[in-house]
Amino acid sequence: MFKEIDHIGIAVEDIDATLEIYNEKFGMAVQYRETVESQGVEAVLLEVGGGHVELLRPLGPDTPVGKFIEKRGPGMHHVAYRVDDVQAELDKLKALGVELIDETPRIGIRNSTVAFVHPQSAGFVLTELVTPADDH
């Protein structure tokens, strides 16, 4: 099932100001930066150990991360777990009665395959399943 933590997603209002903290004060190197239009975010992956911190800036107020910030403010958004096959894990979770946000995977940052589990079924934590693209 879940192999390891892939990343922790953090919703931010100003990605460059937040990068100053994570780069200069925490010493985390930027590994990758991308605008993921399909998810309505600008995302930056910062390297830490074998995983990442993912900073997420909404592209607008009506995006999922924009709505999250409006309701809860900036801060921890989700935990992402690496799996071998996102669709297979979704099928297993659905059979167990877990509430899913995505019943089929979608494409995330760096062409990874991703899907989300509803917080109500995951201890009130938005949970992402991730299978990185072959080249990452």
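I'd like the full set of residues that are under 19 Å from Arg110 (Cβ atoms) and either within 10 Å of the chain's Cα centre (by Cα) or part of a strand (DSSP E or B) (or both), limited to the stretch 59-80.
Selection gives His77, His78, Val79, Ala80.
Test each condition in (1) in contact (Cβ under 8 Å) with a residue 24 or more places away in the chain; (2) touching a strand residue (DSSP E or B) at 6+ places or on another chain (Cβ under 8 Å); (3) farther than 19 Å from Asp14 by Cα for Ala43 and report the one that comes out false.
Of (1) in contact (Cβ under 8 Å) with a residue 24 or more places away in the chain; (2) touching a strand residue (DSSP E or B) at 6+ places or on another chain (Cβ under 8 Å); (3) farther than 19 Å from Asp14 by Cα, only one is false for Ala43: (3).
Could you look through the stretch 81-92, keep only residues that are touching a Leu at 6+ places or on another chain (Cβ under 7 Å) and not in a helix (DSSP H, G or I), and pick out the one that is nearest to Leu126 (Cα to Cα)? Step through it out loud before you land on a result.
Our first condition is that a residue be touching a Leu at 6+ places or on another chain (Cβ under 7 Å); within the stretch 81-92, this holds for 81, 83, 86, 89-90.
Imposing the further condition that a residue be not in a helix (DSSP H, G or I) reduces the set to 81, 83.
Details: Tyr81: 11, Val83: 16 Å.
Among them, the one singled out is Tyr81.
Looking at Val53, is it assigned to a helix (DSSP H, G or I), among the β-branched types (Val, Ile, Thr), touching a strand residue (DSSP E or B) at 6+ places or on another chain (Cβ under 8 Å) and surrounded by 13 or more Cβ atoms within 10 Å (Cβ to Cβ)?
Numbers: assigned to a helix (DSSP H, G or I): no; among the β-branched types (Val, Ile, Thr): yes; touching a strand residue (DSSP E or B) at 6+ places or on another chain (Cβ under 8 Å): yes; surrounded by 13 or more Cβ atoms within 10 Å (Cβ to Cβ): yes.
In short, no.
Considering only residues of the stretch 78-99 that are free of Cβ contacts under 8 Å to residues at least 60 places away in the same chain and surrounded by 17 or more Cβ atoms within 10 Å (Cβ to Cβ), which is farthest from Val44 (Cα to Cα)? Don't jump to the end; show me each part of the working.
Step one: of the stretch 78-99, the residues free of Cβ contacts under 8 Å to residues at least 60 places away in the same chain are 85-88, 90-91, 93-99.
Cutting the leftovers down to surrounded by 17 or more Cβ atoms within 10 Å (Cβ to Cβ) gives us 86, 90, 93.
Working: Val86: 22, Leu90: 26, Leu93: 29 Å.
Only one residue tops the list, namely Leu93.
Checking Gly75 against (1) touching a residue at least 40 places away in the same chain (Cβ under 8 Å); (2) surrounded by 14 or more Cβ atoms within 10 Å (Cβ to Cβ): exactly one of these is not met. Which one?
With (1) touching a residue at least 40 places away in the same chain (Cβ under 8 Å); (2) surrounded by 14 or more Cβ atoms within 10 Å (Cβ to Cβ) applied to Gly75, the lone miss is (2).
Just give me the residues in the stretch 19-40 being without any contact (Cβ under 8 Å) to a residue 40 or more places away in the chain, assigned to a helix (DSSP H, G or I) and in contact with a strand residue (DSSP E or B) (Cβ under 8 Å, 6 or more places away or on another chain), in sequence order.
Here is the first cut: in the stretch 19-40, the residues without any contact (Cβ under 8 Å) to a residue 40 or more places away in the chain are 19-31, 33, 35, 37, 40.
Next cut, assigned to a helix (DSSP H, G or I) only: 19-25, 37.
Leu19, Tyr22, Asn23, listed by residue number.
Each value in this text was obtained by applying a stated rule to the coordinates, not by laboratory testing. Model, not experiment: these values are computed from the prediction. With ideal geometry, Cβ positions are generated from the backbone for all residues, glycine too; neighbour counts draw on all protein chains shown.
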